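The values are calculated or read from the model by the stated rules, or taken from the named source; none is laboratory data. All of these numbers come straight from a predicted model, not from anything done at the bench. Here the Cβ positions follow ideal geometry from the backbone for every residue, glycine too, while neighbour counts run over all protein chains shown. We work out accessible area using only protein heavy atoms, side chains counted, and drop any ligands, DNA or RNA first. Shrake-Rupley method; radii C 1.70, N 1.55, O 1.52, S 1.80 Å.
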Amino acid sequence: MGGWTKIAGFLRHPATTATESVRRVSKPSTAGVSRLSILTYAIVAVGYSALIAYLRYAGVTGTTQSYLYLEVGGTLISFCYAANALVRFRGTHDRTALILAFGFVLSGIIETVGYFALNTRLQAGHAFPTTVPMGWMVSRVLLAVMLLAAIAVERYMPTARQPSRETAGALLVVLLAAYLTSATFLAAPAAPFAHAAWILSRPWDLLPGGLFLIAAIWYRQRLNNDDREAPSLYEYSLYGVASLNVLCHAAAIFSRHLFDGPFFLAELCKTASYVMILAGALLEQARLFEQVRSMAVSDSLTGLANYRRLIHVIETELDRSKRTQRGFSVILLDMDGLKAINDHFGHLTGSRALVRLGKVLANHSRAIDTPARYGGDEFALVLPEAGREVASRVVARVRERLAAEQERPALSVSAGVAAFPEDGDTPEQLLGAADRALYGMKHHGKSSVQNLKRIAACL
């Protein structure tokens, strides 16, 4: 439960997760968080144990039909996750997702087939209510081994960056684990049974429960690894899956016969783990899609809109303005003396100067305005429902803000303004008019001379 706070914070503020993960708190605060986590785990353990005890002795039972719904539903969810994981692997080469996709699918199929085999035996009188389904044991141990294998592969095997070879390797790991797990249970000297008189009625479930516990510890350590970047929501879901399966087998251990309360509680925890892994994968994929979309319309250096986004915004404003009969303005800005800054201070300082100008434009724009990097040392600013006079005041404000900065070298800009509909009714015409106005200002030479004087003063 100690990780759920981080998950909630990730959902509320995904953009700040990476920054917050770097800021490690002091040792007293960390100790306090650890004590809170221990207390939370203790409360959950006590409450869950009380629930198991109630279900064990209250005589709560389910039906084979309910069991079928859980099995088939879990299998379908595992298929959905596998399809999502294959898409994720093609884009990110995440072998953890690939191995677990095969593991979840195989585990779901084994349990579903095992259900029908058990049901047939029960109806024929060849099985007893105290029988532990062999499909349950094989699939549970297999999935636990897959969780451990996935994190082991990530830790100890370098990425080959060859999807076909990695796919074959992941499939080989799954098949080998499935064969060894099945062979182990088939070669066991005795079939698993539930002993109603024992406190731990199904001691066989200690094996997968222990494996899932090890997996939960490993994935928890993976989340707290200081050397890695901020963990994703998908990585939190892996820890949640392992933890839910620990709870699953904690309940199954106390199941005295098929379809009793603890048995169905274990089934619910297992199905919930399938839902969690699918939800985590879908949310992470949505986050990655949003990140890619943002990168496609943003300038990588300044974070402002790029040229593609700028043209789209201007076209949108043209459509809106033609419909509402309200004008708008486009400002084109050019940084003075960028080449001189690069020559005297280096290209890193030049890049920093572009970032500084980008921040000034972003911080002194309205929410409806669109600052963009037009290209090189040129920037643009789209001002909806603003005429030429308002745009001129914005230019003056930007120049004053740059002049007031204490950071060196000092910056200045030249600017040109174009307004709709006076200067054109297409993006090309408006940008062309703003460009002519910009170079008309440049030809006066004032901005360049002032900028060179400031650079000389800094040397």
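Per-structure values
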quantity: Answer residue from region 103-112, given it is in contact (Cβ under 8 Å) with a residue 60 or more places away in the chain and open to solvent by less than 10 Å² (accessible area, probe 1.4 Å) and is nearest to G280 (Cα to Cα) among those; calculated: F104
quantity: Looking only at region 194-217, and only at residues there that are open to solvent by 80 Å² or more (accessible area, probe 1.4 Å) and more than 29 Å from the chain's Cα centre (by Cα), the one that is modelled with the lowest pLDDT; calculated: A197
quantity: Index of the failed condition, Q429 passing every other in (1) crowded, with 19+ Cβ neighbours inside 10 Å; (2) part of a helix (DSSP H, G or I); (3) among the polar types (S, T, N, Q); calculated: (1)
quantity: Answer from A97, A101, A50, A45 - the residue that is over 27 Å from L180 (Cα atoms), hydrophobic (A, V, I, L, M, F, W, C) and within 33 Å of the chain's Cα centre (by Cα); calculated: A45
quantity: Candidates A251, A242, filtered to the one that is in contact (Cβ under 8 Å) with a residue 24 or more places away in the chain, more than 14 Å from A150 (Cβ to Cβ) and either small (G, A, S) or in a helix (DSSP H, G or I) (or both); calculated: A251
quantity: Checklist (1) within 30 Å of L348 (Cα to Cα); (2) outside any helix (DSSP H, G or I) applied to M295, failing item; calculated: (2)
quantity: Helices (runs of 4 or more DSSP H) (entirely within region 1-102) containing at least 1 residues that are open to solvent by 70 Å² or more (accessible area, probe 1.4 Å), on the phi < 0 side of the Ramachandran plot and at pLDDT 85 or above; calculated: 27-57, 64-92
quantity: Whichever residue in region 296-318 is of a type in the set (S, T, Y) and free of Cβ contacts under 8 Å to residues at least 60 places away in the same chain and, among such residues, is surrounded by the most Cβ atoms within 10 Å (Cβ to Cβ); calculated: S298
